[in-house]
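Beneath this line is the structure, given in structure tokens, with notes to follow.
The values are calculated or read from the model by the stated rules, or taken from the named source; none is laboratory data. On a predicted model such as this, the values are computed, not experimentally measured, just so you know. No Cβ is skipped: glycine too gets one built from the backbone with ideal geometry, and neighbour counts run over all protein chains shown.
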DNA sequence: CGATGGCTTGATCCCGTTCAATGGATGTGG
DNA sequence: CCACATCCATTGAACGGGATCAAGCCATCG
């Protein structure tokens, strides 16, 4: 763990307002640490206080751990995402890399204090926190009231929005997470996820290439399968 | 819907910093509306932009609606809570009163603009948003990986924290929500929730009085039943 | 090209749902 | 203040979707 100019610069340009004074930039630099994570490794952070993480490059999963070694993936994150790792309470949390990752970490309380005089940073934190909350709420609905097929359809549509490359009416995806990760995110088992992929493939809604490649062929039909109220145009 | 000094004053004292200038208070007053909701009625709000709600008094549930008339309770709120109603996307949302409620509503974007010069308000919004996110994440774990008994135990412990009255080693609860609401919050059916209540009663962990009264007799055992990693002291 | 680990497919089981009936708390009119 | 009606909660029996257990399959990498 050392301070790396590259990653920090990435943080500055993506999170701090354009015209931030050099002394403020220096303050944030003293608070932040650069960490590189290899796939399947998790971030070590103090478990008694929250940590703010900026994902400069890569993809991660935020995992909650319950008793009996059960795991639930709370969220996936991609390049440019800003996230807060909660202090451990009734459950514990880990941030794990799906691919090689570069991230900047900050002690949450100190970061907030430093940001207090810069409402643009606060506003941005609030905005991103709201987006996270919104995603988490959608996931709550998905886990609470949807069937396996609906969950997998929702997942694919959600990934399409975040990392999909549109090609005409199709959307191409290169999933950085394994079937196990998807299952842990949707409250299902590997086997069930696999069966839903097969089902969607047999219905002609998706095409799969190898382990990580997925092409969405009929987004409208997926919306319907996902149990969405409004179907995308 | 009209401007009511009482409810607004409640908002001012609970959300705005102590020394807020009268012109700022006036600005927030022009943005906010006071609404009284009777039990089972829901708040009407524009579905294309988020709304900020301060719950002056009462208890509400935030409900997400999927296709096929399925409902998922995303969160319960109690007196003093500040919450954001999202704009409708793939799903729609309603805020419904569990008991008589007084609330102040603000257009989110305008509220944020008014708050921009007052970082204490921003900080508070951020703080409350973080708490909501944290609760939502706990719920995600609960819905994704826990059994019916664990879910109901988690629910009771969570309610104990928020509206419980400790009496010695016992905690007394007066639940404002019905079994249906609890079921919709936990991704279960009324019948299953009822069965878990019976189970916990038979095991001597809780006592029930009428429909809404619950006394937690063994918090430590409930923690264990809830699948928590750490058991409360 | 062969080994490894993840993915897919199949058979059986179980927890929570569904359907159905009973029980009991709350509230109203006599 | 009690009888009754209503609605919610509880209890029971049967069903089903996804989990579990168990093989095979095939991408990916040495």
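For region B:112-122, give me the residue count where each residue is within 23 Å of residue A:136 (Cβ to Cβ) and surrounded by fewer than 20 Cβ atoms within 10 Å (Cβ to Cβ).
1
Quickly run through region B:75-92 and pick out the residues that are within 11 Å of chain A (Cβ to nearest Cβ) and modelled with pLDDT of 95 or more.
B:75, B:83, B:84, B:85
Among residues belonging to region B:179-233 that are within 13 Å of another protein chain (Cβ to nearest Cβ) and at positive phi, point out the one that is nearest to DNA strand D (Cβ to nearest atom).
B:187
Which numbered condition trips up residue A:174, out of (1) more than 13 Å from DNA strand C (Cβ to nearest atom); (2) in contact (Cβ under 8 Å) with a residue 24 or more places away in the chain?
(1)
Just one of the numbered conditions (1) closer than 28 Å to residue A:93 by Cβ; (2) within 14 Å of DNA strand C (Cβ to nearest atom); (3) loosely packed, with under 14 Cβ neighbours inside 10 Å is not true of residue B:220; which one?
(2)
What are the pairs with Cβ atoms under 7 angstrom where one residue, in region B:199-220, is under 17 Å from residue B:158 (Cβ atoms) and in the same structural domain as residue B:159 (by TED's automatic domain parsing) and the other, located anywhere, is assigned to a loop (DSSP other than H, G, I, E, B) and at pLDDT below 95? Sequence gap at least six, or different chains.
So the pair list comes out as B:219/B:232; B:220/B:231; B:220/B:232.
Look through region A:99-111, keep the residues that are part of a helix (DSSP H, G or I) and closer than 18 Å to residue A:55 by Cα, and return whichever of them is farthest from the chain's Cα centre (by Cα).
Going residue by residue through region A:99-111, those that are part of a helix (DSSP H, G or I) are A:108-111.
Among the residues that remain, those that are also closer than 18 Å to residue A:55 by Cα are: A:108, A:111.
Details: A:108: 18, A:111: 21 Å.
If we take residues in region A:99-111 being part of a helix (DSSP H, G or I) and closer than 18 Å to residue A:55 by Cα, then A:111 is farthest from the chain's Cα centre (by Cα).
Kindly check whether there is at least one residue in region B:173-185 that is in the same structural domain as residue B:220 (by TED's automatic domain parsing) and over 17 Å from the mean Cα position of the chain (by Cα).
No - not one qualifying residue is present in region B:173-185.
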